[in-house]
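The values are calculated or read from the model by the stated rules, or taken from the named source; none is laboratory data. Since we're looking at a predicted model, the values are computed, not measured. For neighbour counting, all protein chains shown are included, and Cβ atoms are generated from backbone atoms with ideal geometry for every residue, glycine included. Surface areas here come from the heavy atoms of the whole protein model, side chains and all, with no ligands, DNA or RNA. Shrake-Rupley method; radii C 1.70, N 1.55, O 1.52, S 1.80 Å.
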Amino acid sequence: MSAHDKRKAKCQPAAGRFFTSLIRDIREGDIWVKLSLLVCGTGYFARKQYVKGTIITLLQAALMIFIPTMLWPYMSKIGTLGTVQRELVYNPVTRKNETNDFDNSFKILLFGIIGFIVVITAVVLYIKNIRSVRRLQVRAENHKHIDTFREGCSQLFNKRFHFTLLSMPVLGVVVLVIVPLIVLFCVGFTNYDRNHLVPTHLFTWVGLENFQSLFSQQLTDTFSYSFRVVLTWTLTWAFFATVSTFFLGIFLAMFINNRKTYLKRMWRTFFVVAIAVPQFISLLLIRNFFADTGIVNTICRDVGITQFFKNIGWIAPGLDYIPFLSNPQWAKATIICINIWVGAPYIMLITTGILLNIPQELIESAQVDGANGFKIFTHIKMPYILFTTGPFLIMQFIGNLNNFNIIYLLTQEVYVTQNQALAASNAKEVDLLITWLYRLTQEHSNYKMASVIGILVFIMTAACALLAFNRIIRGNREENFQ
Amino acid sequence: MKKLISLLMAMALLLSCVGFAAAEDAVNLMVWIGGDKETDWINGVIEAFQAANPDTTYNITVGVVTYETVGVTALQDPEATADVFVFPDDRLHELVRGGLLQPVVVDTEAVIERNGGEGSGAMAASMVDGQLYAYPLSASNGYFMFYNSEYFTPEDVSSFDSMAKIAAEHGKQVSFPVMNPWYSYGFYAAAGLSVGLDEDGVSNVCDWNTKTDPFSGLQVLQALLDLVATPGFTDADSDAFVASVKDGSIIAGVSGTWNANIAKEAWGDSYAATKLPTYTLDGQQVQIRSFAGYKLVGVNSYSPNVGDAMDFANFMTDYDSQMSRFILLDDGPSNIQAAASDEVMANPAIAALAAQSDFADPQQVGGYFWEPAYTLGAIIVAGNPEGTDLQTLLDNTVAGIVTPIQ
């Protein structure tokens, strides 16, 4: 018997037990329990829990009105996502437009999903209610104390305080995170694009078609090619951006912390100013500085740097400027360098604190043993920093996978790709998945492909996070370090 | 004293009630304009509109959504889009297809009449399948040639070859935004090649890679590569044009009315403008064509007050509003009466646009045109560094333009 079969065998009786005990509860329950099947509050009325009974009955009534009238119209159409398209006629008398009762595919998707969540929740509550009414009956038969409404409420602040504390966050997570996530996930399986924009047009399910076009290898299909190019650069970028800022930040912190460095605070302030200015402003300014006709290019030309690069063949002979942000290779290098300028000060600040925390006796004893500065760095400081910043480093990597600001602000409107296959899919060599996704939705209304890319980015980042946290943050690591 | 205060308060309360009642009767309209600098103009129009309709109280609010983004913004959420909005004509088909534009069904004849009748460029830019969908506001969203008459005679500016030669002699440059397909379209159109919307109103048809009569796309591509390699010629987008006109390195270049003041300030009395020149195509001189650019006013079909919105859009684009727009913003009118007025005719930039209008086409291309065409432009400006076969370049471009993204 395999592990899977074992789990199955264990699982089925559990589910079976649940239902047999539920049926037993109903069968053995008195008339009030059976009546609770119809009017959920009756079981509580019978045990003199009038307030609770009223609340439960009202909730049941509200759901019974709300689900069929408000949610069912959407839920019933979720299979097709709507069939009636908008038509309109101008009425010259009322001076208003008169429209038919048209379907809005997006609303059907959204409220349909909400509807199913509400129905599932309602069913779970209904079953729980029967069991709790039956428990009340048993308590009453055994002449045990039955809580009054006030006692029940006060329990929410004592024995069951975790319910009170967690109810709002859980509700918030469901409404603000899970529902939108499910909806956006579903869009990846529809044909929601600029030909099917709601509310004027309808969109519908297309199954795995979008995923197929992302991974298919046909020659005419540039999307899968673009995806590979963009994915490769996204991973390359995340690696270099993380590693470069990390090490340069550490070196910066060590140089400033060095005993021989004067005016420590001034140096630190200089670097922190770079992150004090909002990126939105500083990056757009830098983009203008490094433009083909920008100030950096003017200086480079006057000083002769442009000519030097031309002589060693790094710039095409026809150009009289350095294509900092307009040539794929140059732009990638420039972006990584600018990212160091933006990102290294953060690492510097973090590692400054860590370096000051290293037990001085460790370093002193190493010095007594004859270790030089390099040895101390590789054997004491570096392991110490890595140990403390490990999780942060992984978060940096994940953050860089989705580092929208720096790429978008530096290349938007100045970078034009010369790769025709990329252009046909609205991608650029310097695009990350996230900036590509953004332009697909914002400029090209291609929601379906954006959703597909979003799903893949989600899988990628989730996998990275899980892997890293499992390997790096283990309870026993601290002992290992010591 | 106390009585007086309470009396005043009671009156204030009464007045505020009346005020609320009036506000409830008022017609609420939201208008989107393309930039902050248009605020004075639109406020004047709103005031005049209220004065012209004293029977109804209008509560008109103004929002700014740039011309680059208004089309996409409107399509993303029609119900949150303004009742009346100004947009560039290249978005017309997409907006009609998105069901956003209210067909103009009130005073239609008058609107068509005052913009030059059904055959005019303004109507071509605002009609789809014979139905009027927008009110033309201005006709100066196209491009033409600015030049410094210190260096060029009116005869010199008739061809790019003579212009580039003169510029090179002076160590200066003439410019054309070759990379930007909105401009470089004119080279292909001049050769009789076409790009336009397919019947579905969203995707494109394009014959740049197949047509050979009278010219082929291959010849155009070669001519463009030759042009960018010509001494005295440079590719310059709007920003580069502004910078180079200011520092004096560009003495003539193609741009639009939005840069007229820059050229005027830099060149003073020798500031001049004319239609686009000819370029050398397969040994012949061919007149460069252009996109005729119009700004249009659209009414949102999702507006709850669509009748009032149409009234306002109509008023906002009539003779008086267009004249005040010309005076405040230098924007050339689409209204033929306004366009023929002496003040407008005296403006060199608008006169140049009028001269180019014989060689201008309505801008009817789908959204997939731009990026592949931009990339082709970038390759041309770089001088085809990879040495890719020109026919392959054209084939790839056309494939990108006509194939909808999957």
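Within region A:395-425, the set of residues being farther than 19 Å from A:L440 by Cα, open to solvent by 30 Å² or more (accessible area, probe 1.4 Å) and of a type in the set (A, V, I, L, M) comprises A:M395 only. Evaluation of A:L35 against the conditions (1) open to solvent by 70 Å² or more (accessible area, probe 1.4 Å); (2) in a helix (DSSP H, G or I) shows that the sole unmet condition is (1). The sole residue among B:K172, B:K165 that is more than 14 Å from every other protein chain (Cβ to nearest Cβ) and in contact with a Phe, Trp or Tyr (Cβ under 8 Å, 6 or more places away or on another chain) is B:K172. So for region A:248-256 (the condition being aliphatic (A, V, I, L, M), touching a Leu at 6+ places or on another chain (Cβ under 9 Å), within 28 Å of B:V242 (Cα to Cα) and modelled with pLDDT of 85 or more), does at least one residue qualify? Among the residues of region A:248-256, not one is aliphatic (A, V, I, L, M), touching a Leu at 6+ places or on another chain (Cβ under 9 Å), within 28 Å of B:V242 (Cα to Cα) and modelled with pLDDT of 85 or more, which makes the answer no. Of the helices (runs of 4 or more DSSP H) lying entirely inside region A:370-426, the ones with 1 or more residues being closer than 30 Å to B:E68 by Cα, within 14 Å of chain B (Cβ to nearest Cβ) and out of contact with any helix residue (DSSP H, G or I) (no Cβ under 6 Å at 6 or more places or on another chain) are found at A:404-411. Go through region A:428-444 residue by residue and tally those that are open to solvent by less than 10 Å² (accessible area, probe 1.4 Å) and at the interface with chain B (Cβ under 9 Å from one of its Cβ atoms). Adding up the residues that qualify gives 1. Selection of region B:92-106 for residues being within 12 Å of chain A (Cβ to nearest Cβ) and either outside any loop (DSSP other than H, G, I, E, B) or among the aromatic types (F, W, Y) (or both) yields B:H93, B:E94, B:L95, B:V96, B:R97, B:L101. Somewhere in region A:309-316, is a residue outside the structural domain of A:T234 (by TED's automatic domain parsing), in a helix (DSSP H, G or I) and open to solvent by 50 Å² or more (accessible area, probe 1.4 Å)? The answer is yes; a qualifying residue exists.
Within region A:330-347, the residues that satisfy the criterion of being hydrophobic (A, V, I, L, M, F, W, C) and more than 19 Å from A:V430 (Cα to Cα) are A:A344, A:I347. Checked against (1) closer than 27 Å to B:L328 by Cα; (2) without any contact (Cβ under 8 Å) to a residue 60 or more places away in the chain; (3) in contact with a strand residue (DSSP E or B) (Cβ under 6 Å, 6 or more places away or on another chain), B:S126 passes all but condition (2). Within region A:28-55, residues that are among the aromatic types (F, W, Y) reach partners that are assigned to a helix (DSSP H, G or I) with beta carbons closer than 6 Å, at six or more positions or on different chains, in the pairs A:W32/A:T42; A:W32/A:G43; A:W32/A:A46; A:Y44/A:K52; A:Y44/A:G53; A:F45/A:G53. The residue of region B:302-323 that is farthest from B:A351 (Cα to Cα), among those that are away from chain A (no Cβ under 14 Å) and open to solvent by less than 40 Å² (accessible area, probe 1.4 Å), is B:M316. Beta carbons closer than 6 Å, at least 6 apart along the sequence or on distinct chains, pair a first residue in region A:169-191 that is within 24 Å of A:I453 (Cβ to Cβ) with a second that is among the hydroxyl-bearing types (S, T, Y) and part of a helix (DSSP H, G or I) for A:L184/A:S451; A:V187/A:Y447; A:V187/A:S451; A:G188/A:S451. Which of the residues that make up region B:107-132 are part of a loop (DSSP other than H, G, I, E, B) and open to solvent by less than 40 Å² (accessible area, probe 1.4 Å)? B:N115, B:G116, B:G117, B:S120, B:A125, B:S126, listed by residue number. Among the residues that make up region B:358-367, is at least one of them farther than 30 Å from A:S213 by Cβ, more than 10 Å from chain A (Cβ to nearest Cβ) and in a helix (DSSP H, G or I)? Yes, the conditions are met somewhere in region B:358-367. Within region B:1-23, is even one residue modelled with pLDDT of 90 or more and either under 25 Å from B:E79 (Cβ atoms) or among the acidic types (D, E) (or both)? Checking region B:1-23: not a single residue is modelled with pLDDT of 90 or more and either under 25 Å from B:E79 (Cβ atoms) or among the acidic types (D, E) (or both). Condition test on B:I405, is it modelled with pLDDT of 90 or more and within 14 Å of chain A (Cβ to nearest Cβ)? Judged against the criteria, B:I405 is not a match. Between B:D83, B:D77, B:D89, the distinction of being of a type in the set (D, E) and more than 14 Å from chain A (Cβ to nearest Cβ) belongs to B:D89 only. Checking every residue in region B:331-338 against the condition of being open to solvent by 50 Å² or more (accessible area, probe 1.4 Å) and away from every other protein chain (no Cβ under 14 Å) gives at least one match. The test for being assigned by TED's automatic domain parsing to the domain that holds A:Y44 and within 33 Å of the chain's Cα centre (by Cα) does not hold for A:H143. The set of residues in region A:18-30 that are open to solvent by 70 Å² or more (accessible area, probe 1.4 Å) and under 15 Å from A:V138 (Cβ atoms) comprises A:R24, A:R27, A:E28. Would you tally the residues in region B:347-406 being acidic (D, E) and within 30 Å of B:P231 (Cβ to Cβ)? Result for region B:347-406: 2.
This table checks each residue for (1) crowded, with 22+ Cβ neighbours inside 10 Å; (2) in contact with a helix residue (DSSP H, G or I) (Cβ under 7 Å, 6 or more places away or on another chain); (3) free of Cβ contacts under 8 Å to residues at least 12 places away in the same chain.
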{"residue": "B:L221", "(1), (2), (3)": "yes, yes, no"}
{"residue": "B:V228", "(1), (2), (3)": "no, yes, no"}
{"residue": "B:P231", "(1), (2), (3)": "no, yes, no"}
{"residue": "B:G253", "(1), (2), (3)": "yes, yes, no"}
{"residue": "B:T257", "(1), (2), (3)": "yes, yes, no"}
{"residue": "B:N261", "(1), (2), (3)": "no, no, no"}
{"residue": "B:Y271", "(1), (2), (3)": "no, yes, no"}
{"residue": "B:S290", "(1), (2), (3)": "yes, yes, no"}
{"residue": "B:N300", "(1), (2), (3)": "yes, yes, no"}
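Here A:T261 fulfils each of the conditions (1) away from chain B (no Cβ under 14 Å); (2) assigned to a helix (DSSP H, G or I); (3) surrounded by fewer than 14 Cβ atoms within 10 Å (Cβ to Cβ) apart from (2).
Quick check, is A:F102 on the phi < 0 side of the Ramachandran plot, in a helix (DSSP H, G or I) and within 14 Å of chain B (Cβ to nearest Cβ)? So A:F102 fails the test.
Can you tell me which residue within region A:127-138, out of those that are among the charged types (D, E, K, R) and without any contact (Cβ under 8 Å) to a residue 60 or more places away in the chain, is surrounded by the fewest Cβ atoms within 10 Å (Cβ to Cβ)?
Checking each candidate, the answer is A:K128.
Tallying residues that are within 16 Å of B:D25 (Cα to Cα) and either loosely packed, with under 11 Cβ neighbours inside 10 Å or hydrophobic (A, V, I, L, M, F, W, C) (or both) within region B:49-66 yields 3. Restricting attention to region A:160-176, which residues are open to solvent by 60 Å² or more (accessible area, probe 1.4 Å) and over 24 Å from A:T54 (Cα atoms)? Answer for region A:160-176, where residues must be open to solvent by 60 Å² or more (accessible area, probe 1.4 Å) and over 24 Å from A:T54 (Cα atoms): A:H162, A:L165, A:L166, A:P169, A:V170, A:V173, A:V175, A:L176.
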